Amino acid sequence: METAAKTIKLYDDRPYDLSFTGEIIYAGPMEEGTRRLILDRTLFFPEEGGQSPDRGMLADCRVTDVQIRDGIITHTVRGSRERLEVLEPGCQVRGELDWDFRFSNMQNHTGEHILSGLLHSTYGFDNIGFRLSPNTVTLDFNGHLDRDGLLEIERRANEAVYANLEVYARYPERDRLEAMEYRSKKQIDEAVRVVTIPGVDACACCAPHVRRTGEIGVIRILKSLRYKGGTRLTILSGRRALALMQQQLIVLEDVSHLTSRKQEELAEGVRSLLEENADQRFRIGELERQITDLRLSAIPAEQKNVFLAEADMSPLAQRGYVNGLCERHEGCCGVFVGNDSEGYRFIIGARQSDAKHQNALHSDARQAAALLREKLGARGGGKPAMVQGSVKAAWQEIQKVLEGLS
Ligand SMILES: [Zn+2]
């Protein structure tokens, strides 16, 4: 690339401008409907410091990516062939920001400064990572805070929003800079841009911020996770925080309506529903066991190869039922759960050698599964003591096939 001059960053001191005109100084080759453009100046903030790049239109083409390297900013634009073809060095082109997207980034970025500044001044924690993408905003710091600590930091961050403090960016002279206290993640050789929120934060940063903290609207900490020996907070500010809170409120209202509980009593309400549910499951299990015992006792003990069909039964009860049958009867015994139109899932067992039945003739449940596979296209398999599977056939057909067992 022939361009050595660094791109003039218009977003640096004009973060509220929506459009600009610049001159193309380099246009890359056409690549699948896209072209890379370098201008003498730009309002588009590139992907930098964990923040995703600005969006918008440039020369009537959609800006799909903006990258910076050695101070040179490259835009990738997508457009029609006719449109892309005429973009050549020397052309004056107009750029227009997707302002909603940019402003949301400014709100979220400035919100992060406030939280990081407070974490630093209150606890001495350093911000060690930041990510601002359309889907998530995360802040990593090298410490831990419990829930109360996080609520307190969040409360104080929002106090800084209500105070509507000025946010300003300066490039201090070297000697002033050396005397200043500011947060910085890395050693910076070129002129350092320090973004200050009086009484809250001073931090080396190159991104666009809101003019006053009141524009952030609200700062929320959504989640806190242990991460690489420190903490990762998921945070959200401004419009995006409001949109999320609106969604959350709808969910709360729905759950509150479904459980007939007030919102503030939901956790308790759901806990008691879960306990009730566990009790009922236990009771159902007990009743199923009683029913199978009754049914088992009605079958003459000398009967061999006993197979039964049930319309509905939990897999656990079905297994218990099969065990009960095998305990009392010789040969293969099984339980089929389902109906003729949708088919059956089956468990078939066969009593194996044990102290009580040492002299019995041992059967192999796999023989029953093989018969069902061969004659009715059943699926499934297992071990000599137990097989399971499914079969799509009528109960009468199944019974007939199983009569073939020795
Ligand atoms: Zn910043």
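Read-outs: derived from the displayed coordinates by stated rules, not from any lab. These numbers were taken from a predicted model, which means no experiment stands behind them. Because the Cβ atoms are built from the backbone with ideal geometry, glycine has one as well, and the counts that use them run over all protein chains shown.
Once you wrap a convex hull around the alpha carbon atoms of the stretch 8-97, what is its projected area averaged over all directions, in nm²?
Working: hull surface 21.3 nm².
Mean projected area of the Cα convex hull: 5.3 nm².
Relative to a virtual label point 7 Å from the Cα of E23 in the Cα→beta-carbon direction, which members of the stretch 51-90 show backbone nitrogen distances below 17 Å?
73, 87-90
Between V195, V218, V270, which gets the highest mean-square fluctuation from a Gaussian network model of the chain, Cα cutoff 10 Å?
Result: V270 has the largest fluctuation of those listed.
Under the 0.36 nm per residue contour assumption, what length would be gained going from the current alpha-carbon distance of E159 and L225 to full extension?
Gain in length upon complete extension: 21.3 nm.
Given 0.36 nm per residue, what is the gain on full extension from L376 to E265 after removing their alpha carbon distance, in nm?
The span from L376 to E265 would gain 34.5 nm if fully extended.
GNM on the chain, C-alpha springs below 10 Å: top fluctuator among C61, C326, C203?
C326
Taking 8 Å as the Cα distance limit and 6 or more residues as the minimum spacing, I'd like the relative contact order of the chain as a percentage.
In percent, rounded to a whole number, it is 9.
Taking θ as phi - 60°, what are the ³J(HN,Hα) couplings along the stretch 43-56 by the Karplus curve (6.51, -1.76, 1.60), each to the nearest whole Hz, with x for Gly and Pro?
Values, residue by residue: 9, 7, 6, x, 5, 6, x, x, 9, 6, x, 5, 10, x Hz.
Pulled fully out, how much extra length does the chain show between L252 and H144, if you take 0.36 nm times their separation in residues and subtract their Cα-Cα distance?
36.0 nm
Using just the helices of the chain, give the 222 nm mean residue ellipticity in deg cm²/dmol: DSSP H runs with n ≥ 4 each add -39,500 (n - 2.57), and the total is spread over all residues, rounded to 500.
Computed mean residue ellipticity for the chain: -11500 deg cm²/dmol.
Identify the trypsin sites (Lys or Arg not before Pro) of the stretch 200-270 meeting these criteria: DSSP loop state and at most 15 other C-beta atoms within 10 Å of the C-beta.
R211, K228, K262
Which longest run of the chain has no exposed loop site in it, a site being GluC sites (Glu not before Pro) in a DSSP loop with at most 11 other beta carbons within 10 Å, and the site itself not part of the run?
33-172
Return the distance in nm (one decimal) between the two label points of a simple spin-label model at W395 and V86, each offset 7 Å from Cα along Cα→Cβ.
Between W395 and V86, the label points sit 7.9 nm apart.
Taking θ as phi - 60°, what are the ³J(HN,Hα) couplings along the stretch 87-101 by the Karplus curve (6.51, -1.76, 1.60), each to the nearest whole Hz, with x for Gly and Pro?
Karplus values, whole Hz, x for Gly and Pro: 7, 10, x, x, 5, 8, 10, 9, x, 9, 6, 6, 5, 4, 5.
Could you name the aspartates and glutamates whose alpha carbon sits less than 19 Å from that of K9, not counting residues in the same chain fewer than 8 places away?
D17, E23, D40, E47, E48, D54, D65, D70, E96, D98, D189, E190
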